[in-house]
Structures are given as C-alpha cells and as structure tokens.
1. Mind checking the angle between helix 42-61 and the chain's longest principal axis? C-alpha axes, 0 to 90 degrees, to the nearest 10.
2. Do the sum for the chain: with -39,500 (n - 2.57) for every DSSP H run of n ≥ 4, divided by all residues, what is the mean residue ellipticity at 222 nm, to the nearest 500 deg cm²/dmol?
3. Using the eigenvalues of the Cα gyration tensor, what equivalent ellipsoid semi-axes result for the chain when each is taken as the square root of five times the eigenvalue, whole Å, largest first?
4. Do you know the relative contact order of segment 2-71, to the nearest whole percent, from alpha carbon pairs under 8 angstrom that are 6+ apart?
5. For the chain, modelled as a Gaussian network with Cα springs under 10 Å, which listed residue fluctuates most, 40, 90, 24?
6. For residue 100 paired with residue 27, estimate the spin-label separation in nm (one decimal), with each label point 7 Å from Cα along the Cα-to-Cβ line.
7. What FRET efficiency, computed as 1/(1 + (r/R0)^6) with R0 = 41 Å and r the Cβ-Cβ distance, is obtained for residue 50 and residue 83, rounded to the nearest 0.05?
8. Say each of residue 41 and residue 75 gets a label point 7 Å from the Cα, pointing the same way as Cα to Cβ; how far apart are those two points in nm?
C-alpha cells in the first residue's frame with residue numbers, strides 16, 4: 001500500500017498537450033521525493049515511476065468506450081455469445097411448446 005499512497009502523493013501522472021497523459025518524469029519524482037523529505041531509494045523511486053507508467057496506460061485505454069474496468073476479468077465475447085444464443089434457443093423452445101399446448 002505504501003507505493004500506491006506514494007504514487008498518489010507524487011501526482012500519479014502528468015497532463016500534456018491538449019489533455020493527454022504522460023507518466024511522471026524522473027525530474028518530477030525526484031523533486032517530489034526531496035520536497036516531501038522521504039529519502040526514498042532509487043529502487044523505490046523506480047517502482048513509483050513504473051506505477052505511473054501503468055496508471056497512464058490504463059488511463060489512456062479507458063478513453064475507449066469498450067474498455068473493460070481494470071478490476072474485472074476481460075470479457076470473453078465468444079462465451080457471452082454462446083450464453084445469449086442458449087437463452088434464445090430456450091425461449092424459442094418454450095414458445096413452440098406453448099403453441100402446441102405443452
């Protein structure tokens with residue numbers, strides 16, 4: 001949890017251009033580390049930078065309307081299609097059975 005809190009404290013990402021996202025730069029991360037007085041190691045700062053890159057990747061992906069939430073499994077469209085097809089077949093059978101008085 002420390003790294004997530006540190007990432008949020010540092011700022012998660014940088015806004016660039018016309019609303020684009022970029023990971024926190026090394027300069028920003030090092031300045032934040034000095035200003036906050038944390039004295040984090042290079043490995044810890046590297047982890048925060050990697051988290052920022054992942055955060056930006058997900059933020060950019062989330063701009064697409066069909067992007068699944070990062071906390072759920074990816075949607076298997078074939079399985080969903082099979083389930084929907086099964087439901088329609090079942091409904092069709094029930095309708096036919098009612099037509100024939102069953």
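1. 40
2. Numbers: 4 runs with 63 residues, N = 102.
So the helix-based figure for the chain works out to -20500 deg cm²/dmol.
3. Over the Cα atoms of the chain, the ellipsoid semi-axes are 52, 14, 9 Å.
4. Details: 55 pairs, mean separation 24.3, N = 70.
For segment 2-71, the relative contact order is 35 percent.
5. Its mean-square fluctuation being the largest, the pick is 90.
6. Placing both labels 7 Å along Cα→Cβ, they lie 7.7 nm apart.
7. 0.65
8. It is 4.4 nm.
Bear in mind these aren't lab numbers, they're just calculated from the coordinates by the rules spelled out. It should be emphasised that the depicted structure is a prediction, and the values quoted were computed from it without experimental measurement. Cβ sites come from the backbone with ideal geometry, for glycine too, and all protein chains shown count toward neighbours.
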